Structure formats: C-alpha cells, structure tokens
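Enquirer: Take this structure first; my questions come after.
The values are calculated or read from the model by the stated rules, or taken from the named source; none is laboratory data. Only a predicted model underlies this, so the values are computations on that prediction, with no experimental measurement involved. Here the Cβ positions follow ideal geometry from the backbone for every residue, glycine too, while neighbour counts run over all protein chains shown. The accessibility values were calculated without ligands, DNA or RNA, using every heavy atom of the protein model including side chains. Shrake-Rupley method; radii C 1.70, N 1.55, O 1.52, S 1.80 Å.
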Amino acid sequence: EVQLVESGGGLVQPGGSLRLSCAASGFTFSSYAMSWVRQAPGKGLEWVSAIDSGGGSTSYADSVKGRFTISRDNAKNTLYLQMNSLKPEDTAVYLCAKDSWPPGGDPIDYDYWGQGTQVTVSS
C-alpha cells in the first residue's frame, strides 16, 4: 500500500534551519508530483510547496518563498524540504502528500498523506 513517512522535525531557534524528509513507498514515486503541507496549532491546512515528478520545476507559498527549498531524489523515493531562516510562525506539523503538477488543488483532496513531523520554532 501507499506509505509516506515524514521525518526530520524538531525544535529549532528562530533563524535556524531544518531539513525534512519524506520516504515514499507503494507507488511509482517518480511518476508523481509531490507537495509539502503544514498545519499550525489551531489553524487550517496550508500548502507550502510542490515539485514536479522529475524535480525540474518547483512552486512555493509566498510565506516561505526564498527561505524553503523543495527537492527530491527519485532513486531513493524520497522528498525533501530544506527550511532556512525559520520563524515562529513556521511552527506546525509538516506533511508530505502525493500531488499533481501544476499544483492548485485543495490539499484536503489529496489521495495520500503522511502522518507528519512536528516543527517547533521557538527561543
């Protein structure tokens, strides 16, 4: 079955960096675009970033543009999110999801999600 497992979250100070990973299995990873989505405490889902199946095109929410970088290694069936210059408002559970390209759909309609990894940005 399809499985998405996020890792790499933790506690980091404002201005710090963190790299998230999403290990995928159960589907042809290289055939699908992927996205990162986050949910802050008491908030709704927020789409963060997407990458096309080959990794050649990326897209970012305005809130993270210039600070986050999405990438993928299709040989390893792994999606990444490099997060730099972290802010307290980045605190959230981060989830990866199988997506389409270009992105634009409602994240609630994604077919498959991981369980998420907690990112906490605090001094």
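Enquirer: Roughly to the nearest percent, how much of the accessible area of region 1-97 is carbon and sulfur, given a 1.4 Å probe?
Expert: 45
Enquirer: Using each residue's phi in region 57-73, evaluate 6.51 cos²θ - 1.76 cosθ + 1.60 at θ = phi - 60° and report the 3J(HN,Hα) Karplus result to the nearest Hz, with x for Gly and Pro.
Expert: Coupling constants for region 57-73: 10, 9, 8, 9, 5, 4, 5, 10, 4, x, 10, 10, 9, 8, 8, 8, 10 Hz.
Enquirer: Pull up all non-local amide H partners of residue 48: gap of 5 or more, or a different chain, and H-to-H distance under 5 Å with H placed in the peptide plane.
Expert: 36, 37, 38
Enquirer: Quick one: if you stick a label point 7 Å off each Cα along the C-beta vector at residue 17 and residue 2, how many nm between them?
Expert: The answer from the label model is 3.2 nm.
Enquirer: May I pose another question? Near residue 43, which lysines are there with a Cα under 28 Å away, not counting those fewer than 8 places off in the same chain?
Expert: Answer for residue 43, where 28 Å is the Cα cut-off: 65, 87, 98, listed by chain and number.
Enquirer: Size of the dipole of region 3-123 about the Cα centre, Lys and Arg at +1 and Asp and Glu at -1 on the beta carbon, nothing else charged, in debye to 20?
Expert: Values: 9 positive and 11 negative charges, 71 e Å.
Taking the Cα centre of region 3-123 as origin, the dipole is about 340 debye.
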